[in-house]
Amino acid sequence: MASYLNQEFGFDEVRWATMRATSHDWRASFRRTPNKTLLPSGTRLYRLVGMTTGRYFEACWWMPEPVFRELHNDADRSLHGGGRLFRNYVAEYMALPSGSTQLSVVEIELLQPVFAWVGISAPLRERPGGMEQVYLPNLAERGNPASSSHARVVRTYWLRF
């Protein structure tokens, strides 16, 4: 029987982001408890980052491709669309902090199936949330956030402002 990344964990075991001074419970980022889902190989996931640093696999939060395409296409259809509007959409609907630091997009492809937690984003800081998001911890190789045996970087690019 095959073994998959995060197979042995429940959400209660991975939902705490441990920092030196504080520990944050990521459960509040979802409207309801997310579903543990086996994402198949070939799945594409996206996220916004400040700079393209190569340390993409240490991140836990990802957008599924249909959500990314929907928000990106909506921004492109707007008369005043572009990177800034797209970044605002992501901050509004993905319950991420807003700001001017997200300048680039990272696209990854899963090389093998992995378990992740998928659910609807919760309202955050008076923003509506309401879009599907993926919580995928443990993607990086231990001690090397620039490498993963489970995923590869497809491309990175700057948002056009």
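Mind listing whichever residues of segment 48-82 are in contact with a helix residue (DSSP H, G or I) (Cβ under 9 Å, 6 or more places away or on another chain), within 17 Å of T101 (Cβ to Cβ) and surrounded by fewer than 16 Cβ atoms within 10 Å (Cβ to Cβ)?
G82 - this is the single residue of segment 48-82 that is in contact with a helix residue (DSSP H, G or I) (Cβ under 9 Å, 6 or more places away or on another chain), within 17 Å of T101 (Cβ to Cβ) and surrounded by fewer than 16 Cβ atoms within 10 Å (Cβ to Cβ).
Between a residue in segment 76-91 that is more than 22 Å from A122 (Cα to Cα) and any residue that is in a helix (DSSP H, G or I) and of a type in the set (F, W, Y), which pairs come within a Cβ distance under 9 Å, given they are 6 or more apart or on different chains?
D76/F86
Results for (1) at pLDDT 95 or above; (2) part of a loop (DSSP other than H, G, I, E, B), shown as yes or no for each residue.
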position: L85; (1), (2): no, no
position: A95; (1), (2): no, yes
position: T101; (1), (2): no, yes
position: A116; (1), (2): yes, no
position: G129; (1), (2): no, yes
position: S148; (1), (2): yes, yes
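Look through segment 129-156, keep the residues that are among the polar types (S, T, N, Q) and buried (at least 20 other Cβ atoms within 10 Å of the Cβ), and return whichever of them is farthest from the chain's Cα centre (by Cα). Let's see the steps before the verdict.
Of the residues in segment 129-156, the ones among the polar types (S, T, N, Q) are 133, 138, 144, 147-149, 156.
Within this subset, residues satisfying the condition of being buried (at least 20 other Cβ atoms within 10 Å of the Cβ) are 133, 148.
Numbers: Q133: 6, S148: 15 Å.
Only one residue tops the list, namely S148.
Of all residues in segment 105-116 being in contact with a Ser or Thr (Cβ under 7 Å, 6 or more places away or on another chain) and crowded, with 21+ Cβ neighbours inside 10 Å, which is farthest from L39 (Cα to Cα)?
Result: V105.
Quickly run through segment 131-146 and pick out the residues that are assigned to a loop (DSSP other than H, G, I, E, B) and out of contact with any Leu (no Cβ under 8 Å at 6 or more places or on another chain).
Of everything in segment 131-146, those that are assigned to a loop (DSSP other than H, G, I, E, B) and out of contact with any Leu (no Cβ under 8 Å at 6 or more places or on another chain) turn out to be P137, A140, R142, G143, P145, A146.
The values are calculated or read from the model by the stated rules, or taken from the named source; none is laboratory data. Quantities reported herein were computed from a predicted structural model and do not represent experimental measurements. Cβ sites come from the backbone with ideal geometry, for glycine too, and all protein chains shown count toward neighbours.
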